[in-house]
1. Can you give me the distance in nm between label points at residue 128 and residue 67, each placed 7 Å from the Cα along the Cα-to-Cβ direction?
2. Taking a point 7 angstrom from the Cα of residue 55 along the C-beta vector, which residues in the range 86-118 have backbone N less than 19 Å away?
3. Given axes a ≥ b ≥ c from the Cα gyration tensor, I'd like to know whether the chain is rounded (a/c under 1.5), prolate (a/b larger than b/c) or oblate.
4. Along the Cα-to-C-beta direction of residue 241, a point sits 7 Å from the Cα; which residues of the range 166-196 have their amide N less than 19 Å from that point?
5. Starting from the 7 Å offset along Cα-to-Cβ, what nm value, one decimal, do you get for the label separation of residue 288 and residue 144?
6. Taking 0.36 nm per residue of sequence separation and subtracting the Cα-Cα distance, how much length would be gained by fully extending the chain between residue 266 and residue 332, in nm to one decimal?
7. Once you put a point 7 Å from the Cα of residue 194 and another 7 Å from the Cα of residue 301, both along the Cβ direction, what distance in nm separates them?
8. What relative contact order, as a whole-number percentage, does the chain give when Cα pairs under 8 Å and 6 or more residues apart are counted?
Ligand code: GLV
């Protein structure tokens, strides 16, 4: 619906949506505002294009691939809200946004279970060599059932180490109960005792978690304190039979050190949904059968992407109506 066909005036609020998102969210926004999509809405806008578009809009629904840094914010003086359609918001310079009076929101909760499902898909895939075995069948290499064919490792009964026991980490831990696993976790702060008890999870130092786990799954946010949290030293603590799974953010792991650990047999394998320089994949990873590589699809189910888009849209609607956006990550901006 355009402004004229809705009978609205030319001074309706203007919302920029940086790529095409599920239609119900666009419809929701169109009920309140003029909605702009870039001319090529199915790719990441170029930096110059984003600068030019943001300058024209007070409300922006952005994606984790849009780098909203201090320079971009400085060039967008009319901007009131950046609604990130992701739970992680390391792509947004929140301090710079706050300093400029720009609200920042994210989409927590709605993608928890879907992302935990994907972490588990990777755990099972690396342990049981699912992708490698699929490639083997497709290549016509399967000639007979063999007692030593494609032997992987058991998941049930093993030790799972969860780095970051927030919503997603907890959902991963809940699933581990069905596999009869021992669950260790490390977080900035231990969770309340009743949560630990319900999950059957025990808080340990990161070094102990790395030493004792058969599977290490990363679920902490990415920020300055978690940059390369899993570096060469951390990887050296892991068992040579252990697997690393990352569905959080690529730069939490030092990929160069990871490739080295995998190639030298100091780590059994890895399941990666995120990378340091997405969409680039470090070449050493591409040649390893022990690694499963996914294109950052942790929350990529039809249902969840629809919920994330609507949640981001609702944050913008709240801002348009002068209400506090429900998922504001920088509430201090309101007291400026
Ligand atoms: C996806 O990576 C998200 O942060 O929502």
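A short reminder: the numbers here are calculations on the coordinates, not readings from a lab. Source: prediction; values computed, not measured. When we count neighbours, we look across all protein chains shown, and the Cβ atoms used for this are built from the backbone with ideal geometry, even at glycine.
1. Going from the residue 128 label point to the residue 67 one covers 4.0 nm.
2. In the range 86-118, the label zone of residue 55 (backbone N under 19 Å from the point 7 Å along Cα→Cβ) covers no residue.
3. The shape class here is prolate.
4. Only 179-184 fall inside the zone, counting backbone N under 19 Å.
5. 3.4
6. Full extension of this stretch gives 19.2 nm more.
7. Taking the two extended label points, one gets 2.7 nm.
8. The value is 18 percent.
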